[in-house]
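Colleague: Handing you this structure, nothing more for now.
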Amino acid sequence: MNGLRNKVQLIGHLGNDAEIKNFDGGKKLANFTLATNEVYKNEKGEKVIETQWHRLVAWGKKAEIIEDYTSKGKEIAIEGKLTHRTYKDKSGEKRYATEVLVTQVLLLGK
């Protein structure tokens, strides 16, 4: 059951081309967004589509897969874990970010 403590599984479409950073030693980092849709009918019987945006981070081989085989709009499935971090923006303000650290990538669609 320990593997279920912090696990995220998402299927969605890339909101943009991944931002790739290369580090010494050949290590890669991919930052990208994923849109997931929830479809339901409201109390009037009208179809409603709600889109949620997720910030994702992939390292190493997973970043290479994202760089080489995906682009904006591509459907993918990911598995990962939620992470939280703080940073200072350009004006020195403390900011918070919640991201999914990708551990598995599955390419879907065409």
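Just so it is clear, none of the values below were taken in a lab; they were calculated from the coordinates. Keep in mind the model is a prediction, meaning the values are calculated, not measured. Cβ atoms come from the backbone with ideal geometry, glycine included; neighbour counts cover every protein chain shown.
Okay, residues lined up against (1) in a loop (DSSP other than H, G, I, E, B); (2) in contact with a Ser or Thr (Cβ under 8 Å, 6 or more places away or on another chain); (3) loosely packed, with under 11 Cβ neighbours inside 10 Å; (4) among the hydrophobic types (A, V, I, L, M, F, W, C):
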| position | (1), (2), (3), (4) |
| --- | --- |
| Glu43 | yes, no, yes, no |
| Leu56 | no, yes, no, yes |
| Ala63 | no, no, no, yes |
| Glu67 | no, no, no, no |
| Glu79 | no, yes, no, no |
| Leu82 | no, yes, no, yes |
| Arg85 | no, no, yes, no |
| Arg95 | no, yes, yes, no |
| Thr98 | no, yes, yes, no |
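Colleague: Sticking with this one: Can you tell me which residue within the range 10-39, out of those that are within 12 Å of the chain's Cα centre (by Cα) and over 15 Å from Ala58 (Cβ atoms), is surrounded by the most Cβ atoms within 10 Å (Cβ to Cβ)?
Modeller: His13
Colleague: I've got another one for you. Exactly one of (1) free of Cβ contacts under 8 Å to residues at least 12 places away in the same chain; (2) closer than 24 Å to Gly109 by Cβ; (3) among the β-branched types (Val, Ile, Thr) is unmet by Val8. Its number?
Modeller: (1)
Colleague: Name every residue in the range 84-101 that is under 17 Å from Gln52 (Cα atoms) and hydroxyl-bearing (Ser, Thr, Tyr), in order of residue number.
Modeller: Across the range 84-101, the qualifying residue is only Thr98.
The rows are residues; the columns are (1) acidic (Asp, Glu); (2) touching a residue at least 24 places away in the same chain (Cβ under 8 Å); (3) farther than 20 Å from Lys28 by Cα.
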site: Gln52; (1), (2), (3): no, no, yes
site: Arg55; (1), (2), (3): no, yes, no
site: Lys61; (1), (2), (3): no, no, no
site: Ile65; (1), (2), (3): no, yes, no
site: Asp68; (1), (2), (3): yes, no, no
site: Ile78; (1), (2), (3): no, yes, no
site: Lys88; (1), (2), (3): no, no, yes
